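Undergrad: Here it is, the structure, as structure tokens.
Just so it is clear, none of the values below were taken in a lab; they were calculated from the coordinates. Everything numeric here is computed off the predicted structure, so don't read it as measured data. Reconstructed Cβ throughout: ideal geometry from the backbone, glycine too, with neighbour counts over all protein chains shown.
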């Protein structure tokens, strides 16, 4: 019996891409509404605020959530040599995630039931099911790790365990506490989740993918297991302490603000460490490896570095007081979610896809996807960053408020256009997964770096047959 | 080890205690998280609660049922994603929006609506910034009162026109009117109380909360009094451009008071063709707005632009200099005026009668504006909707109250038109 529930990998992978298109449609429509505000003709279902809620919730749950699940169904058995808890549970989880959380969440938001809380816009009833789904995810994916024994876990395993457990802890901070604790006090908790959604859910799972795909696709061990683990623990130490940097110069006590700003700076240092380790692991694969999943995660790593350094800088008071509230931050969040996390997720899905023997795979489409997405993200982020600086400058002056809206318009036009590149990129990505010959992914892997079957790799990762100290970096791979 | 883990030698050589380090690390990990919640959530929460307890007025107004529903609407429409509700402790924020937000001002916010993006302006001090009719027109068709705004239209909250708001629109506007209200109501005593209890004598940032000259510095906020630079008639061509952008949506492209935004406004926007405005009067209206009406202040435009607008506005007027009126008519008009109009419009017509403070809308300063004869008669016959100016005529109109005869109306019309002084 095969280890990996390939059908669940396939289902979540495909659901991820489908939901991605819906989420992007919300985003693009909202961006066009800033250019043509009367486009929706006053229809409440299409008003900007509601589309904006659905855009980010769709990206977080619909796209990244499904992508992570697809990856977990592939990676957990490989990392542990064990099957996930239950295929039946997997089907329930798939239904719950997509048809009880994301789709109804979207509709409820459009119908006017939502929370005005960032990364927590789905209404409370949906939040309850998210908690249930997070618990089921823990039940589905964590037992294999504990059954295997966690004394010599590879770093991806740590990120998966950490990500799943800490998300359960952090989720209520932004989704439930502000409903019970008013105003400024609630905002302090809300700030925690704004950062933890990215820091304890998206980042750990995206890093798990990157740490997994690099050695698996290049068949070379990770540069340093020690650095990996150091980076992991520093990340889990520092990320939660960043929350208050979303409310700098607010009434929240200054010492909490300064603490969060300091943690933000240190986080940049940690990310340099993590990224250095990853880039050193990528040595020898070339700038643009032939294996597209590897190329995606490599570029995602670079985005991770840039977005984290940017985050450290913009948390600092001198920068924050100017660019906070502006399009600069929108650029930052797109670099994080569309650059770093999406590139990792796309790499993760494609990597798992290549190893589904009956799945189609189209290399040329993937190459197109890579270049379209890369250029789209870079253009969008640069464009929004400049827009933010222009807005910030006008806000510091005594120009009328509307001047900043007028000044942003050309950049908003640019943003909407850059999103067309991104849509084209994802269409190519979808074609990459659904056209081409069946099993072509395996062939691509073999051509570039040589590819083992999943069962082989699982054996290699679990039962060390090459007992050298270096091998523990990625047990079984000799360097 | 059947089914178990075969560890490599490197791991086996490590003492068992160290091999269990992951447990220590995991406990620490959860500890880190708990620490973040304590340091950045619970502890600041306690400080803020303490501040609220000490600095809040004893009985701040909570939201009414309608206002709470408005808050719900504000929440699910995502208003907070373009409009922050938090003035930061920064000079640039304070200059634009007013006093920084104190913890106690947010004590009824479940959940908070601070926001992290400002596409539109901050609304923490919106209370008193705009009259209700402006809000309705703005929600119904934002660009008809704010040129180049990118706000969505919320026309679904109306029965087809801004004059006919549904309950949702009423609730939402009621809620907007509460933003910053508690602190306004607390007044100077409230500020003194908060300041005395803020325990922030040495805390530079804490002090900033009390440093603004006024709580609400919204440049659009109307003022009944306020320093006014005397503008000159500037560059007319530039003025017409600015007029087209800022004024035409209400006053109409030709100044006839018939722009798309005009329909829902009470009083209606002035017909600039039918009035001749003095420089002082225009300077006042542009700088301070017309309190109680939808005419906002334009203090955020610079002197050159405002002067250009003065030239543009005056260029629309078709009111002619007229021949001196018959002294007998003037005398009769003066008697009528003294008996009926002076309480509000003032003895000399300067709009400073003894009743002024009781009125929602400040009466016209007749020294600063000469309406056309038609416009004058129209007002005397019909009053001005949305103001305390009542219809005075006896007949010929459905609103006729019969308070003045036709002869008296004609006489007082001539009289008030003569009060205008060039330069005022």
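Undergrad: Once the principal axes of the Cα atoms of the range B:65-208 are found, what is the range along each, listed largest first in whole angstroms?
TA: For the range B:65-208, the Cα spread along each principal axis is 55, 32, 25 Å.
Undergrad: Work out, in µm²/s and without decimals, the Stokes-Einstein translational diffusion coefficient of the protein assembly as shown at 4 °C, 1.567 mPa s, Rh from Kirkwood over C-alpha pairs.
TA: Roughly 43 µm²/s, to the nearest whole number.
Undergrad: To continue, here is another question. For the range B:214-304, take every pair of Cα atoms, bin their distances at 10 Å starting from 0, and report each bin as a whole percent.
TA: Taking every Cα pair in the range B:214-304, the percentages come to 16, 49, 32, 3.
Undergrad: OK, next. Give the Rg (one decimal place) followed by the Dmax (whole number) of the range B:327-417, computed from C-alpha coordinates and expressed in Å.
TA: Reported Rg and Dmax, both Å: 12.2, 35.
Undergrad: First obtain the Kirkwood hydrodynamic radius of the range B:266-355 from its Cα pairs, then insert it into the Stokes-Einstein equation at 20 °C and 1.002 mPa s, and state the resulting D in µm² per second as a whole number.
TA: 140
Undergrad: Please arrange B:258, B:109, A:327, A:38 by counting, for each residue, the other beta carbons lying within 10 Å of its beta carbon, fewest first.
TA: Neighbour counts put them in this order, fewest first: A:38, B:258, B:109, A:327.
Undergrad: Further question on the same structure: Debye sum, Cα scatterers, the range A:44-114, no solvent: what log₁₀ I/I(0) at q = 0.13, 0.20, 0.24 1/Å?
TA: Log10 of I(q)/I(0), two decimals: -0.47, -0.81, -1.00.
Undergrad: Between the range A:210-261 and the range A:49-80, how far is it from one alpha carbon centroid to the other, in angstrom?
TA: Comparing the Cα centres of the range A:210-261 and the range A:49-80, I get a distance of 20 Å.
Undergrad: Between the range B:217-231 and the range A:117-162, what is the C-alpha centre distance in whole Å?
TA: Spelled out, the Cα-based centre of one part sits 57 Å from the other.
Undergrad: Between the helical axis of A:254-281 and the dominant principal axis of chain A, each derived from Cα atoms, what acute angle in degrees is found, rounded to the nearest 10?
TA: Here the helix axis deviates by roughly 30 degrees.
Undergrad: Over the range B:148-189, what portion of Cα pair distances is larger than 11 Å, expressed as a whole percent?
TA: Percent of Cα pairs beyond 11 Å in the range B:148-189: 71.
Undergrad: While we're on this one: Which order do A:54, B:300 fall in if you start with the one that has the fewest other Cβ atoms within 10 Å?
TA: Ascending Cβ contact count within 10 Å gives the list B:300, A:54.
Undergrad: Please report, in Å, the Rg and the Dmax of chain B, where both are computed over Cα atoms only.
TA: Final numbers for Rg and Dmax: 29.6, 122 Å.
Undergrad: Moving on. Would you calculate the volume per residue, in Å³, of the smallest convex hull containing every Cα atom of the range B:131-280?
TA: 171
Undergrad: Given bins 20 angstrom wide, list per bin the percent of all Cα-Cα distances in the range A:6-451, short to long.
TA: 26, 61, 13, 0
Undergrad: Mean projection of the alpha-carbon convex hull of the range B:124-197 over all orientations, in nm²?
TA: Seen from a random direction, the Cα hull of the range B:124-197 projects 5.9 nm² on average.
Undergrad: Using alpha carbon centroids, what distance separates the range A:368-429 and the range B:57-88, in Å?
TA: When both Cα centres are located, 30 Å separates them.
Undergrad: How much mean residue ellipticity at 222 nm does the protein assembly as shown get from its helices, if each DSSP H run of length 4 or more adds -39500 (n - 2.57) and you divide by all residues, to the nearest 500 deg cm²/dmol?
TA: Taking each H run of at least 4 residues, the total per residue is -18000 deg cm²/dmol.
Undergrad: Can you put A:433, A:279 in order of Cβ neighbours within 10 angstrom, beginning with the fewest?
TA: With the fewest neighbours first, A:433, A:279 line up as A:279, A:433.
Undergrad: Which three extents, in whole angstrom, do the alpha-carbon atoms of the range A:277-382 cover along their principal axes, largest first?
TA: Principal-axis extents of the range A:277-382 (Cα, largest first): 53, 26, 19 Å.
Undergrad: So what's the range A:326-371 giving for Cα Rg divided by 2.2 N^0.38 Å, two decimals?
TA: Taking N as the residue count of the range A:326-371, the ratio is 1.49.
Undergrad: Taking the convex hull of the Cα atoms, report for the range A:213-315 its projected area averaged over all directions, in nm².
TA: 6.6
Undergrad: What share of all Cα pairs of the range B:170-232, in percent, falls into each consecutive 10 Å distance bin?
TA: Pair shares across the bins are 16, 37, 29, 16, 2.
Undergrad: Taking chain A as the reference, fit the longest principal axis to its C-alpha atoms, fit the long axis of helix A:6-35 to the helix C-alpha atoms, and give the angle between the two in degrees, 0 to 90, nearest 10.
TA: 20
Undergrad: How long, wide and thick is the range A:104-183, going by the Cα atoms along their three principal axes, in whole angstroms, largest first?
TA: For the range A:104-183, the Cα spread along each principal axis is 48, 28, 16 Å.
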